[in-house]
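I have placed the structure first, in the form of structure tokens, so that the comments after it can refer back to it.
The values are calculated or read from the model by the stated rules, or taken from the named source; none is laboratory data. Source: prediction; values computed, not measured. With ideal geometry, Cβ positions are generated from the backbone for all residues, glycine too; neighbour counts draw on all protein chains shown.
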């Protein structure tokens, strides 16, 4: 199996470094739902899928998916060609 960096899950610190901002600013964006991320219920750690961030960088819209257990996923919704 090949290692694809776009399939990696990143931490808040790694995303802050990627966008040259502070971890606090990234946490603020996750609270507002303005950056793609994964927040599992019962866990403090917020994770970011590098492929979703790539799509967001290209201007993809975001959708928020809240589950009954309290987990939240903010993911990109890229326009599909007809």
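Right, residue 44: assigned to a loop (DSSP other than H, G, I, E, B) and modelled with pLDDT under 95 or not? Considered against the rule, which asks whether it is assigned to a loop (DSSP other than H, G, I, E, B) and modelled with pLDDT under 95, residue 44 comes out as yes.
Taking the criterion of being farther than 12 Å from residue 11 by Cβ and loosely packed, with under 13 Cβ neighbours inside 10 Å, the residues of the range 35-61 that qualify are 41, 42, 43, 57, 58, 59, 61.
Determine, yes or no, whether residue 78 is modelled with pLDDT under 95 and touching a helix residue (DSSP H, G or I) at 6+ places or on another chain (Cβ under 6 Å). So residue 78 fits the description; yes.
Comparison of 52, 7 shows that the only residue that is touching a strand residue (DSSP E or B) at 6+ places or on another chain (Cβ under 8 Å) and at pLDDT below 95 is 7.
Of all residues in the range 18-30, those that are closer than 14 Å to residue 48 by Cβ have Cβ atoms under 8 Å from Cβ atoms of residues that are exposed (fewer than 13 other Cβ atoms within 10 Å of the Cβ), 6 or more apart or on another chain, in 23/13.
So for the range 14-32 (the condition being on the phi < 0 side of the Ramachandran plot, in contact with a strand residue (DSSP E or B) (Cβ under 9 Å, 6 or more places away or on another chain), surrounded by 10 or more Cβ atoms within 10 Å (Cβ to Cβ) and outside any helix (DSSP H, G or I)), does at least one residue qualify? No; the residues of the range 14-32 include none that is on the phi < 0 side of the Ramachandran plot, in contact with a strand residue (DSSP E or B) (Cβ under 9 Å, 6 or more places away or on another chain), surrounded by 10 or more Cβ atoms within 10 Å (Cβ to Cβ) and outside any helix (DSSP H, G or I).
The residue that is farthest from the chain's Cα centre (by Cα), among those in the range 8-17 that are closer than 10 Å to residue 48 by Cα and without any contact (Cβ under 8 Å) to a residue 40 or more places away in the chain, is 14. When 64, 74 are screened for being surrounded by fewer than 14 Cβ atoms within 10 Å (Cβ to Cβ), more than 15 Å from residue 14 (Cβ to Cβ) and either under 12 Å from the mean Cα position of the chain (by Cα) or in contact (Cβ under 8 Å) with a residue 40 or more places away in the chain (or both), only 64 passes. Pairing residues of the range 42-56 that are without any contact (Cβ under 8 Å) to a residue 12 or more places away in the chain and at negative phi with residues that are surrounded by fewer than 19 Cβ atoms within 10 Å (Cβ to Cβ) and outside any strand (DSSP E or B), at Cβ distances under 9 Å and at least 6 apart in sequence or on separate chains, gives 43/71.
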